[in-house]
Amino acid sequence: MIDSTPRAPGSKGVLADTLEQDAPLGSVQTVGEALLENPSVSCRDVAVHYGDKQALFDINLDMGTNEVLALIGPSGCGKTTFLRCINRMNDTIQGCRVSGTIKIDDEEINHADADVVSLRSRVGMVFQKPNPFPKSIYDNIAYGPRIHALTASNEELDQIVEDSLKRAGLWKEVADRLQAPGTGLSGGQQQRLCIARAIAVNPDVILMDEPCSALDPIATARIEELIDELRENFTIAIVTHSMQQAARVSQRTAYFHMGSLVEVGSTDQIFTNPRQRLTEDYITGRFG
Amino acid sequence: MTAYLIAAIFLLALNGFYAGRNRARSIRVGSRLNSLPQYHGIHVALWCGLPALILLVLWVSFEPVVVEALVQASLSAEFRALSEDQAVLAMMEIRNLAQGISGVQTNLPYAEDAATMLTRLSRIADYALVASVAVVAILGLGLARSHITLEFQARQSVERVFNVFIFLSSAVAVMTTVAIVLSLLFESFQFFKQVPLHEFLFGLKWNPQIAIRADQGASTGAFGAVPVFSGTLLIALVAMLVAGPIGLASAVYFSEYARPRVRDVAKPILELLAGIPTVVYGFFAALTVAPLVRELGLELGLEVEARSALAAGVVMGIMIIPFISSLADDVITAVPQSLREGSYAMGATQSETIKYVIFPAALPGIVGAFLLAISRAIGETMIVAMAAGLNANLTANPLENVTTVTVQIVVALIGDQEFDDPKTLSAFALGLVLFAMTLILNVVALMIVKRYREQYE
Ligand SMILES: Nc1ncnc2c1ncn2[C@@H]1O[C@H](COP(=O)(O)OP(=O)(O)OP(=O)(O)O)[C@@H](O)[C@H]1O
Ligand SMILES: [Mg+2]
């Protein structure tokens, strides 16, 4: 158990000792405002096991509409694992078990009967490494609308492709070569293509797992701008290793540590006045 | 004796290795060697073993020639009286006597003496061989060992010897291939001197006459290869119609659907199909499948011959299923997981992901797998020889009996044949065209597979 009173900087507590041993924290009480009114996504007691190994411990966390939630924490703390619970991508991993309740707009999605296909059409995902399909730029964007039969005519599909590319800030660069292979684009363009692909089906939630880790600062800045614009229409969760990025794009930040959610709060508060020693150590770069 | 000598050289070289290594270690104390001690060891071993082995090989190949020449020289008077054939015969008798082969009859008065001389000379030569090999090996060992200094570049010279060895090995492989192709070309050329090229390539009738002996008269056959090649393609087509869908489906099953435990058990069993001798497939085709096909055909009111392209093709298809499934499995597995996840994350089902993402991405590799399988089907002999037939029949009907290139090659070379007979030579011409066909298929397939590999780099 962690006591939730704020600590004076520099004081050494129980947690710091646990940290030094690098052992899982187990089930801990999260500090901060993890739960919201009218959440878009709500997770209750979410735990994940890979085989015998537990990777996430009783996560309680909500995501609000029209806000960007940043997930930060040291490598291996379970950020990706958590993100992949929300669109059930962990189903594709042998031996991975997810327990707990996850609701999207009050609909339970983490049970065997939930419709994974319709869930994933409502929850888009952007991966760490750009992964455009080896198809044309057009077909990459049209992939989702086609498999979900969202359009009645080719003109409508053309319109969706154009809109998605425009929203992803890629239209100007590729408008004249929509039939060129998507794999032929630069890394930053590919990542924006993947974002355009994700928003083409008009999801409610977008999950981004370190979307800028393979990109240069200019491409990163463009994607950050894009995330800010997309916030108006989507609920966004973004995993990032860059404190600056988290500070720039998110409204709320959640700090994970060894499989536990240690602290959640408004981004301003987390970065200026963290209430947990672990959080503070991490964001000031003392480890991680 | 040569075997003992070789063993001795190896032992000596091994000894040289330890001598060199230990010496290098002993001088290393406190300073840095250019090469690691074991390189010095290998260097000494090479110097000890290689020259001795080369000497041994040369000696063994030239000794009989030299010794016999000496014997002949001593018998010069008697030999001069003989004709060439007689001299060869006489030498043979002498050799047999010397080797103590019992029951050798000789009417040459000098044979006994010559044989004794041959034996004596051979023994001397053997002693000389042992002595000189020993000298060379020990000299090499000693010299190389005394060369060991801190700066001595043992590593570099060992590498050089190794490079030469590797080069020679690959040269042997390449030269063999070239030699085979050249002989194929040469014999085909002989054939095309007797049968015009255009007749062979475009003729519609294949009926090589069987000439038992040259004097039996003109072996005027028809050498139009079109029916032979059409038969080959027909059977290959049937085989691919069987193997293509089944192989591909099982590849998809193993790579995308099967649980690891199922895959671990079932995949090797499927690959076992590739290990069954083709003869076994052959009689399976001839004794089981062909009658079955015939019966089925009769029930449907179709005229099916006892030996049909269909029966042979189906069995050949079964044989090449594992080719397609394991090659296609490899390329499908090589499609990056990130593409699958990208597709699933868009809400695609597993079959949609396979259809729209995995197949297109793996397509070039799958095409490559198909081409390799086709070239395998075209080159297959046994099944068709047993189940398809020998008559060159120009038809597109798989229920009739057809023949294939490989079968005709076998037929052409069976039995007593005059070697300049067009029938015999036709085997080489057929072989050449077959070789060209499979070569082109393979090259195209490899090009496609290679391009596919680069796609994800
Ligand atoms: N497929 C898997 N099989 C087994 N264990 C896994 C698997 N994926 C992740 N894990 C384990 O789960 C824990 C959390 O991993 P996760 O990928 O969620 O970390 P992360 O916070 O995303 O790290 P990073 O910042 O390095 O991406 C790690 O200890 C990891 O070893
Ligand atoms: Mg991660």
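The values are calculated or read from the model by the stated rules, or taken from the named source; none is laboratory data. The model shown is predicted, which means the values in this text are computed figures rather than measured ones. Cβ sites come from the backbone with ideal geometry, for glycine too, and all protein chains shown count toward neighbours. With ligands, DNA and RNA removed, areas are computed over all heavy atoms of the protein, side chains included. Shrake-Rupley method; radii C 1.70, N 1.55, O 1.52, S 1.80 Å.
Details
- Residue that is farthest from the chain's Cα centre (by Cα) [pool: residues in the range B:309-364 that are more than 11 Å from every other protein chain (Cβ to nearest Cβ) and among the hydroxyl-bearing types (Ser, Thr, Tyr)]: B:THR333
- Matching option when the condition is open to solvent by 40 Å² or more (accessible area, probe 1.4 Å), modelled with pLDDT under 90 and not assigned by TED's automatic domain parsing to the domain that holds B:VAL331, among B:PHE200, B:PHE167, B:PHE192, B:PHE186: B:PHE192
- Breaking point among (1) without any contact (Cβ under 8 Å) to a residue 60 or more places away in the chain; (2) closer than 30 Å to A:VAL117 by Cα; (3) more than 16 Å from ligand 1 (Cβ to nearest atom), for A:CYS212: (3)
- Scope the range B:291-316; condition touching a residue at least 40 places away in the same chain (Cβ under 8 Å) and not in a helix (DSSP H, G or I); matching residues: B:LEU302, B:GLU303, B:VAL304, B:GLU305, B:ALA306, B:ARG307, B:SER308
- Counting the residues of the range A:141-161 that are surrounded by fewer than 16 Cβ atoms within 10 Å (Cβ to Cβ) and either within 13 Å of chain B (Cβ to nearest Cβ) or part of a helix (DSSP H, G or I) (or both) gives 6.
- The range A:162-205: number of residues that are surrounded by fewer than 24 Cβ atoms within 10 Å (Cβ to Cβ) and under 26 Å from A:PRO74 (Cβ atoms): 2
- Exclusive hit being within 16 Å of ligand 2 (Cβ to nearest atom), small (Gly, Ala, Ser) and within 23 Å of A:ARG248 (Cβ to Cβ), set A:ALA70, A:ALA34: A:ALA70
- Given (1) under 22 Å from A:PHE234 (Cβ atoms); (2) within 14 Å of ligand 1 (Cβ to nearest atom); (3) touching a Phe, Trp or Tyr at 6+ places or on another chain (Cβ under 9 Å), index of the condition A:LEU83 fails: (3)
- Failed item, numbered, when A:LEU230 is tested on (1) of a type in the set (A, V, I, L, M, F, W, C); (2) in contact (Cβ under 8 Å) with a residue 60 or more places away in the chain; (3) within 16 Å of ligand 1 (Cβ to nearest atom): (3)
- Among the conditions (1) closer than 19 Å to B:THR349 by Cβ; (2) of a type in the set (Ser, Thr, Tyr); (3) within 16 Å of ligand 1 (Cβ to nearest atom), the only one that A:SER99 does not satisfy is (1).
- Candidates are the residues of the range A:99-123 that are open to solvent by less than 20 Å² (accessible area, probe 1.4 Å) and touching a residue at least 60 places away in the same chain (Cβ under 8 Å); the one that is nearest to the other protein chains (Cβ to nearest Cβ) is A:VAL123.
- Among residues of the range A:125-134, those that are within 8 Å of chain B (Cβ to nearest Cβ), in contact with a strand residue (DSSP E or B) (Cβ under 7 Å, 6 or more places away or on another chain) and open to solvent by 30 Å² or more (accessible area, probe 1.4 Å), counted: 1
- Evaluation of A:ASP158 against the conditions (1) under 21 Å from B:VAL357 (Cα atoms); (2) away from ligand 2 (no atom under 16 Å from the Cβ); (3) in contact (Cβ under 8 Å) with a residue 40 or more places away in the chain shows that the sole unmet condition is (3).
- Verdict on B:LEU390 being open to solvent by 10 Å² or more (accessible area, probe 1.4 Å), in contact with a Pro (Cβ under 9 Å, 6 or more places away or on another chain) and part of a loop (DSSP other than H, G, I, E, B): no
- Residue list for the range A:174-220, restricted to those being closer than 21 Å to A:GLY124 by Cα, part of a helix (DSSP H, G or I) and away from chain B (no Cβ under 13 Å): A:GLY187, A:GLY188, A:GLN189, A:ARG192, A:ALA219, A:THR220
- As for the range A:256-268, it holds no residue that is in a loop (DSSP other than H, G, I, E, B) and more than 16 Å from ligand 1 (Cβ to nearest atom).
- Selection status of A:PRO132, part of a helix (DSSP H, G or I) and more than 16 Å from ligand 1 (Cβ to nearest atom): no
- Here A:ASN90 meets each of (1) more than 11 Å from ligand 1 (Cβ to nearest atom); (2) within 14 Å of chain B (Cβ to nearest Cβ) with one exception, condition (1).
- Pairs, first assigned by TED's automatic domain parsing to the domain that holds B:GLY368 in the range B:228-253, second among the acidic types (Asp, Glu), C-beta under 9 Å, six or more apart: B:ILE235/B:GLU380; B:ALA236/B:GLU380; B:ALA239/B:GLU380; B:SER250/B:ASP329; B:ALA251/B:ASP329; B:ALA251/B:ASP330; B:VAL252/B:ASP329
The rows are residues; the columns are (1) in contact with a Gly (Cβ under 6 Å, 6 or more places away or on another chain); (2) among the small types (Gly, Ala, Ser).
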{"residue": "B:ARG259", "(1), (2)": "no, no"}
{"residue": "B:LEU327", "(1), (2)": "no, no"}
{"residue": "B:VAL331", "(1), (2)": "yes, no"}
{"residue": "B:VAL335", "(1), (2)": "no, no"}
{"residue": "B:GLU341", "(1), (2)": "no, no"}
{"residue": "B:ALA361", "(1), (2)": "no, yes"}
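- Residue match in the range A:66-79 (condition: within 14 Å of chain B (Cβ to nearest Cβ) and either without any contact (Cβ under 8 Å) to a residue 24 or more places away in the chain or near ligand 1 (Cβ under 9 Å from one of its atoms) (or both)): no
- Reported count of residues in the range A:49-97, each being hydrophobic (A, V, I, L, M, F, W, C) and either assigned to a strand (DSSP E or B) or open to solvent by 30 Å² or more (accessible area, probe 1.4 Å) (or both), is 13.
- Residue selected from the range A:228-245 under the condition within 16 Å of ligand 2 (Cβ to nearest atom) and in a loop (DSSP other than H, G, I, E, B), by the criterion surrounded by the most Cβ atoms within 10 Å (Cβ to Cβ): A:THR240
- B:VAL133 being at pLDDT 80 or above, surrounded by 18 or more Cβ atoms within 10 Å (Cβ to Cβ), of a type in the set (A, V, I, L, M, F, W, C) and assigned to a helix (DSSP H, G or I): yes
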